[in-house]
Structure formats: structure tokens, C-alpha cells
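Laboratory data are not the source of any read-out in this text; all were calculated from the coordinates shown. The structure displayed is predicted, hence computed values, not measured ones. Glycine also receives a Cβ, built like all others from the backbone with ideal geometry; neighbour counts cover every protein chain displayed.
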Amino acid sequence: MSDSIGYFAILSAIREYGLPDVVHLHWLQPFVISENPIKTAAGGIRLLGELLLLKLMGVTVVWTVHNVLEHRKRSPRLETLIKHFVVRLSDYVIVHCPAARRSIQEAYHLSNEMASKCISIPHGHYIDSYPNEQTRDQARNTLDIDSTDTTFLFFGQIRPYKNIPLLVETFKELNDDEARLLIVGNPWDENEAAEVRKRSKTDDRIRCIFEFVPEEEIQLYMNAADVVVLPFQDVLTSGSALLGMSFGNALIAPQIGCVAELLDPEGGVSYDPDTGDGLHRAMERALRADVAAMGEYNYRKAQRYDWESIARRTYELYTAV
């Protein structure tokens, strides 16, 4: 259990701020998951005990599921069991797409009755969430990228499950002198960063920028890119996909989770992550595609996922119990 959360965090908040009508949970890992399985079990029992007390006090419990298991999968069996009972104690469970509902029903061993608690409410877009005044040419001039280059971008925290070394090796196989790859984000640990740097050094078309990116600089990389690449092996939902769409980029993404339901052929290229050359073929197709038109399509589609309608649907869920 994370030391930053503390014991009985929900009940402590209620003591300080009063009894709420609704408690809405998002990430459970800080409450539960630890390097030590015994501490994980204790954290799970503690969380479930708090949720049971909330139910007895008449508080509505809602949980938004962002991933099936934590990405490091330190105690997958324990985590699965704990999350099964979190669903039991929740009035509603929010997922971002129907595919996510099917995934958690299977993973958490939920009956059809329990799975009926799962309500699909999409993830919202990032249009106007970050500054976006730079033009494509201005961004490329800053990064010294030619206007004719096809630029692939990975943007986000550099973590093992995101398959960045595979992305680097796949890009190196592309026989195109005008292809570029930007890898931008804060590394989860130095070992992962060192591995990506090592693989990238042999190809001067690849640039790694391993640092935290301030909000005002996100536009620099997004506007310089043609295609946002999500080389994930395991993902349920992805804010990175909607971020790329919100800046008018084409996408390359695996056919898994909510990303598969989000990506249309008009907006990018999907691939089977279990196929050895799937990512390579997707990147090859993107080099031949009208990625500008794909990006325009994605921007229009992203506008549908407005936060006002998402907030309204969430509020209706709160008041439905």
C-alpha cells in the first residue's frame, strides 16, 4: 500500500469533510497494491471494509475502471479477487467502452447480473485542454524537422508495458529516409530509458526526449507529428489516443480494448499486437496513407467526446441509485 495514501483514507476524508452522497473511486492501486503480497491483501481487506461501511451508511459507491490490472502485475490473483468484491460493493461501475465491460467481466469472474452494473461512458477529449497556438511549420522549425518528413510520435510516460523498444526496432526497419520518430516522455525508471537510448543510437532518424513535458509544450510535439503511435501490448483505455486525436493526428494502435473501438480506418491504422509484424505493417501503411486527412477526421471525431455530455451522464448515474 502506498505510504502517500495512509490507512483508512476514505473514512479519514469523511471525518474531515463530512458524509458525502457519493464516493467515486478511480485508481485503486494506491489503496491496495504493494510489493509485499501480505500488505496487498491487508490493503484490499481495508479498502473493502471501508466500502462496506459506506454502503451501510447509505453512500452511493461508483468506480471507474481504467485498467484491468495494474501494469506491473505484482499480485494479479489478489488484485483480481479484490476488484471482484469492489464490483460487488459498487452501485455502478463506469467503463469507457463496451469492450472494457467484456474484459472486466471475464477478468473479474463477474456474473451477468454483476456485469449489468457496468455502464459505458466514454473518455473525454483534450481539445482546448492545453495551449494550441503553434502551427505545424512552427513546431517543425523548432524541432528541426523538414516539412516533407513523415513524423511518428510516441508521447507519454516511458514504461515497460508500452513496448517502446519494440517501436524503436520496428521503426528502424522502415526503408524511408524521410521518416522520423519522436519518443517524448518521462521515463518510469532509468533502466527503461537506457534500453531505449541504446536501441535508438544506431538510427539518426530517431530522437528521444526523456523529460517531463510542461502543458504549454505538449503542442510542440503534437503539432510537429503526423501520426501518434501506441505500441501497447496490454491496454484497456488510452487517454493518449484521444490526446493525439484532439491535436488532429492520425493514429496507429493495437486492436485491443477501447482503443480498437475508438479508431476507425478513416483515422488511422490498427493492428493485431499478437502478430509478429503487425506494428511494422501498420507503420508501412501509414507511410503510404493520407495522414493529414486521417488527422482531420480524428479531430472531428474527438469533438463528439465532449465533457459536458460526459458530466451529465455521470451525474445521472449518481442520482439514479
List the lysines whose Cα lies under 20 Å from the Cα of residue 198, skipping any in the same chain that are fewer than 8 positions away. 162, 172
Could you give me the radius of gyration and the Dmax of region 178-266, taking only the C-alpha atoms into account and expressing both in angstrom? 13.8, 37
Using all alpha carbons of the chain, what is the percent of pairwise distances in each 10 Å bin, ordered from the shortest bin to the longest? 6, 24, 31, 23, 13, 3, 0
Can you give the charge dipole size of the chain about its Cα centre, rounded to the nearest 20 debye, using +1 on the beta carbon of Lys and Arg and -1 on the beta carbon of Asp and Glu? 1280
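Relative contact order for the chain: what is it in percent, counting Cα pairs under 8 Å that are at least 6 residues apart?
Result for the chain is 16 percent.
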Give me the orientation-averaged projected area of the Cα convex hull of region 1-125, in nm², one decimal. 8.0
Taking Cα atoms only, helix 307-320 is inclined relative to the longest principal axis of the chain by an angle, in degrees rounded to 10, of 20
In degrees between 0 and 90, to the nearest 10, how far off the longest principal axis of the chain does helix 76-89 point, with axes built from Cα atoms? 60
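Grab region 1-147 and count how many Lys pairs have their alpha-carbon atoms under 17 Å apart, sequence gap of 8 or more, or different chains.
6
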What per residue convex hull volume, in Å³, comes out for region 136-302 when only alpha-carbon positions are used? 105
Selection from 80, 28, 45 lying farthest towards where the dipole of region 2-82 points positive, charges on Cβ: 80
Of 227, 124, 111, which is farthest towards the positive pole of the chain's charge dipole, taken about the Cα centre with +1 and -1 on the beta-carbons of Lys, Arg and Asp, Glu respectively? 111
Volume per residue of the C-alpha convex hull in region 226-321, rounded to whole Å³: 90
